[in-house]
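Shown next, in structure tokens, is the structure this report addresses.
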Amino acid sequence: TAAPPSPPAQEEVAPALESLPLETRCPPFPLRQLNGFWLPEITLAAGVPALRARFTPRPTDVLLASFPKSGTTWLKALAFAARNRAAHPPSDPDRHPLRRSNPHDLVRFLEVEFALAGEHASGALGDEFEALPSPRTLATHLPYSLLPERVRSECRIVYVCRDPKDALVSTWLFTRKAAPAFGADAEGFAFREAFELFCEGRSICGPQWRHVREYWEESVRRPGGVLFLRYEEMLLAPRSSLRKLAEFMGCGFSGEEEEEGGAVDAIVELCSLGGLKSAEVNRSGSGKLPIDNKAFFRKGGAGNWRNHMTPEMARRLDRIVDDALRGSGFAF
Ligand code: A3P
């Protein structure tokens, strides 16, 4: 008789949604907890299963990963502009795709789009991803441990992290803007409540520090497979961050020719907050995500949390994060 089939790897088994702990106080989505992370129900019900069933990773894929509101839009713009600079010279910004399309339409979110598409449209969406020419640049907010094993082993990953206090403030403000698009009301969602929930790890893809730690540890284990970037370092040193990113993606800036031609400077300028924010498409347009493009661009920068948090609140969150990151070799 044939040997019994080996059981699927633990993380490939989808537990019944109703069996997972539920959190309904974080608009705009009900969240469920899986493997220690709080994720929107639709991500677990539709996004992750479709990612497993409908997406075939390629070794040439680069996946941009992040906790929400940590610089994803910026990273997408930089990666797209760097990768496609031969076809779309950044020296001609007026004709650049980033002037006509929001970064989220140029570098597509995997599980987010699968979740929004729902089961009936996931096949067509899978075909769309399949039709994208190699090398593909795609994005995810999923924690490392919830990525399908094939994605982890096939794709190279670039992760961007941000000070959790700024990520929290950015999330809270974004939620208030985006909630109506998902039929939710976040008008009464006070910052104090968002803060308490965030401290318990209860936010989309939270706990933030655990999300960061997983990718950090993998970047230490496999530096050729996972590049770990920090939003605050990108603010301080955008040019060297861009060079590092391009090098990792396999499209490094070569020699003086390109430097002298100003490609690095032109991309940094094109992808700056001001550069993207001023494009008409980002002032009044919308794209594949059901959110106005302008919601993705606010103040940027580091330290905006000071306008919303008391020093005592900041100390409390810092302590939680420091404790959770102890022993990882990473600190904010
Ligand atoms: P703030 O809300 O603090 O302004 P994400 O792209 O992951 O959704 O993160 C959004 C945050 O990144 C927002 O932060 C937004 O203003 C900022 N941001 C968007 N585009 C940026 C860019 N090109 N450069 C720097 N920050 C950017």
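Annotation: per residue accessible area for the chain equals 45 Å², rounded to a whole number [probe 1.4 Å, protein chains only]. Projecting the Cα atoms of 35, 153, 209 onto the dipole axis of the chain, where Lys and Arg carry +1 and Asp and Glu carry -1 at the beta carbon, places 209 farthest toward the positive end.
Within the chain, DSSP assigns beta bridges of which about 30% are antiparallel (rounded to the nearest 5). Considering only 245, 295, 309, whose Cα is most displaced toward the positive end of the charge dipole of segment 227-332, charges sitting on Cβ of Lys, Arg (+1) and Asp, Glu (-1)? Going by the Cα projections, it comes out as 309. Spacing of the modelled spin labels on residue 153 and residue 306, each 7 Å from Cα toward Cβ, amounts to 4.9 nm.
Only lysine pairs 8 or more places apart or on separate chains count here, and in the chain those with Cα atoms under 17 Å apart total 16.
Kirkwood Rh over alpha-carbon pairs of the chain, then Stokes-Einstein at 25 °C and 0.890 mPa s: what D in µm² s⁻¹, rounded to an integer? Rounded to a whole number, D works out at 119 µm²/s. Comparing 206, 183, 36 in a Gaussian network model of the chain (Cα springs below 10 Å), the most mobile by mean-square fluctuation is 183. Taking a ≥ b ≥ c as the square roots of the eigenvalues of the Cα gyration tensor, segment 89-246 is rounded, since a/c falls below 1.5. Based on DSSP H segments of at least four residues, each scored -39500 (n - 2.57), the chain has a per-residue ellipticity at 222 nm of -13000 deg cm²/dmol. Could you please state how large a percent of the accessible area of the chain is carbon and sulfur, counting protein chains only and using a 1.4 Å probe? It is 53 percent, rounded to a whole number.
The values are calculated or read from the model by the stated rules, or taken from the named source; none is laboratory data. Note that this is a predicted model, so its numbers are computed, not measured. Cβ coordinates were reconstructed from backbone atoms using ideal geometry, including for glycine residues, and neighbour counts include every protein chain displayed. Just so you know, the surface numbers come from the protein's heavy atoms only, side chains and all, with ligands and any DNA or RNA stripped out. Shrake-Rupley method; radii C 1.70, N 1.55, O 1.52, S 1.80 Å.
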